[in-house]
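The values are calculated or read from the model by the stated rules, or taken from the named source; none is laboratory data. This one's a predicted model, so the numbers in the text were calculated from it and none came from an experiment. FYI the Cβ positions are ideal-geometry reconstructions off the backbone, even for glycines, and counts take in every protein chain you see. Heavy atoms of the whole protein, side chains included, go into the accessibility calculation; ligands, DNA and RNA do not. Shrake-Rupley method; radii C 1.70, N 1.55, O 1.52, S 1.80 Å.
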Amino acid sequence: MNTIEFTKTYYIDRRGSHSRKWDGEHLKFSRTDLLPLWVADMDFMPPQCIQEAICSYVKANPLGYTMTNPDYIEAVMSWYKRRHNCSLKQEWLTSAPNVITGIMWCIGAFTKTNDAIAVLSPVYGAFDTSASDAQRQIIAVPMNRTEDNRYSVDYDAFERAISEHDVKLFIHCNPHNPVGHVWTEQEMDRLFRICQRHHVLIISDEIHQDLITGPTAFTSALTVSNGAYADNIIAMSSLSKSFNMASLHHAEVIIPNEQLRSQFNAYKAHVYHTDSDVIAETAITAAYTHPEAEAWLTDVLAVIRENYEYLCRELCTALPQIRISPMDGTYLAWIDFGAYVKAENMHDLFENKCRIAPSFGEWFGGKNYTTFVRLNLATSLENIRTATHNIIKYVHP
């Protein structure tokens, strides 16, 4: 269906539903009457086939203790192969309640207090807090921004940081949140080769793997150089972003190396005792096997692209010095207002004038990004038009 039909069918007003994004503005902002474009979930209902699968399961089964359903395993393996040309083995699969919890368990399982963990900055702030909460050092290696607002790695600086700080773990984000970069195989090969030289374990957060909106195809870290680094990689993903089901607490944790997998599962057993989440497994199986779900994903990506193109066209026309990073992946626009707004005025501008609740740049790497915002585009074009109009009205050339 076209974008208008999709929005009419699936968009939902979430205010009053205990939505963190719509009803939780008091957690981060000075007021609660803002257009929320911060928390990274969508304002669309998931595909009807997933809704029906969940309802059918609940109607037909008691919600007692369960074991992992083989259909779920097969669905995950099929999706990875079909969508991402990534062949998994059943024994590689384990799980966590969500990707961030999985990362925290990796930090606990594979590092010690005060060990160093590397990230490429700017990056999703939960990586930093996961490390600091576990009393590990976070080593943020700034990426370079090119004239066309793309981000790239300073490989010499990356290797120097790893060597100087004796880094034990590298948290890779692919596609990269917040800058929207989809890593090429060549880029990851250079990064992973450095990690291999210095015996650094790689955690690849691939939660946005299905949300590709630009010309670069997604490549899983597991497949780089024909799987040359897979023995040193723990990859994680979840349907929570792809099909807007973050409240179903389940993520795939994929660990090809048997020793690493045993170590991860042993740590998990100490901190988490539960059986399979039958609702999540039912939803995932439907999402990864039903043609309607795949069609829904295609349609929602068209809505996101339309929103991004509208935002770029209007803002760049009205504010020609604005810097918007190409959004090749995710549904998150990364925008630098530094040519027009002083860092100290950003919060007042967006909250009190534009009446928008964005994710502010400092949440992704501190003072270097105080003139940036990240805007969530997985909503109606009407909301993006409102946000764009308000920005143009109050940001003066």
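What length, rounded to one decimal in nm, is gained on full extension from residue 266 through to residue 59, with 0.36 nm per residue of separation minus their alpha-carbon distance? Walk me through the intermediate numbers first.
Details: separation 207, 0.36 × 207 = 74.52 nm, distance 3.50 nm.
Residue separation times 0.36 nm, minus the Cα-Cα distance, leaves 71.0 nm.
Ordering 289, 219 by accessible area with a probe of 1.4 Å, largest first, what comes out?
Values: 289 85, 219 30 Å².
In descending accessible area the options line up as 289, 219.
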Residues of segment 148-179 with backbone nitrogen within less than 15 Å of a virtual label 7 Å along the Cα-to-Cβ line of residue 135, please, listed as ranges. none
Additional length obtainable on full extension of the chain from residue 2 to residue 292, 0.36 nm per residue less Cα span: 102.9 nm
Would you mind getting me the FRET efficiency between residue 185 and residue 31? Use the beta-carbon distance for r and R0 = 51 Å, nearest 0.05. 0.70
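Under a point-charge model restricted to the Cβ atoms of Lys and Arg (+1) and Asp and Glu (-1), what is the dipole moment magnitude of segment 146-223 relative to its Cα centre, in debye to the nearest 20? Working shown, then result.
Numbers: 6 positive and 13 negative charges, 41 e Å.
Magnitude of the dipole: close to 200 debye.
With all protein chains present, how much of the accessible area of the chain (probe radius 1.4 Å) comes from carbon and sulfur, to the nearest whole percent?
Details: 8360 of 17200 Å².
That share works out to 49 percent.
Can you show me the helix-derived [θ] at 222 nm for the chain, built from DSSP H runs with n ≥ 4 at -39,500 (n - 2.57) apiece and divided by the number of residues, rounded to the nearest 500.
Working: 13 runs with 157 residues, N = 397.
The per-residue figure over the chain is -12500 deg cm²/dmol.
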Roughly how many Å² of residue 173 are accessible to a 1.4 Å probe, to the nearest 10? 10
Compare the Cα positions of 90, 64, 10 along the charge dipole of segment 1-108 (+1 at Cβ of Lys, Arg; -1 at Cβ of Asp, Glu; about the Cα centre) and return the one farthest towards the positive end. 90
Once whole DSSP H runs in the chain are found, which of them have Cα atoms spread over 24 Å or more along the helix axis and a mean Kyte-Doolittle score of at least -0.5? 291-318
Using a cut-off of under 18 Å, list every residue of segment 38-70 whose amide N is near the label point 7 Å from the Cα of residue 23 along the Cα-to-beta-carbon line. 38-46
Using just the Cα positions, wrap segment 75-140 in a convex hull and report its mean projected area in square nanometres, one decimal place. 5.6
Solvent exposure ordering (accessible area, 1.4 Å, most first) of 148, 299: 148, 299
Given 20 °C, 1.002 mPa s and a Kirkwood radius over Cα pairs, the Stokes-Einstein diffusion coefficient of the chain in µm²/s is 98
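Given charges of +1 on the Cβ of Lys and Arg and -1 on the Cβ of Asp and Glu, with all other atoms neutral, how large is the dipole of the chain about its Cα centre, in debye to the nearest 20?
Working: 34 positive and 46 negative charges, 117 e Å.
Charge dipole, the chain, about its Cα centre: 560 debye, nearest 20.
Give me the Å³ per residue figure for the convex hull around the C-alpha atoms of segment 148-267. Kindly include the intermediate steps, with their values, before the conclusion.
Working: hull volume 15.3 nm³, N = 120.
Spread over its residues, the Cα hull of segment 148-267 gives 127 Å³ apiece.
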With all pairs of different alpha carbon atoms counted, what Kirkwood hydrodynamic radius in Å does segment 352-397 show? 11.6
Once Lys and Arg get +1 and Asp and Glu get -1 on their Cβ, which of 176, 383, 247 lies farthest toward the positive end of the dipole of the chain? 383
Label-point gap, in nm, between residue 67 and residue 247 - each point 7 angstrom along Cα→Cβ: 3.2
Alpha-carbon centroid distance for the pair segment 296-350 / segment 70-142, whole angstrom: 28
Quick one: putting +1 on the C-beta of Lys and Arg, -1 on the C-beta of Asp and Glu, what dipole do you get for segment 1-157 around its Cα centre, in Debye to the nearest 20? 240
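In this model, which of 8/89; 268/367; 8/268; 168/241; 28/393; 89/367 are farther than 32 Å apart at the alpha-carbon?
Correct reply: 8/89; 268/367; 8/268; 89/367.
Need one number: % antiparallel among DSSP beta bridges in the chain, to the nearest 5.
Values: 20 of 40 bridges.
Beta bridges within the chain, antiparallel portion: roughly 50 percent.
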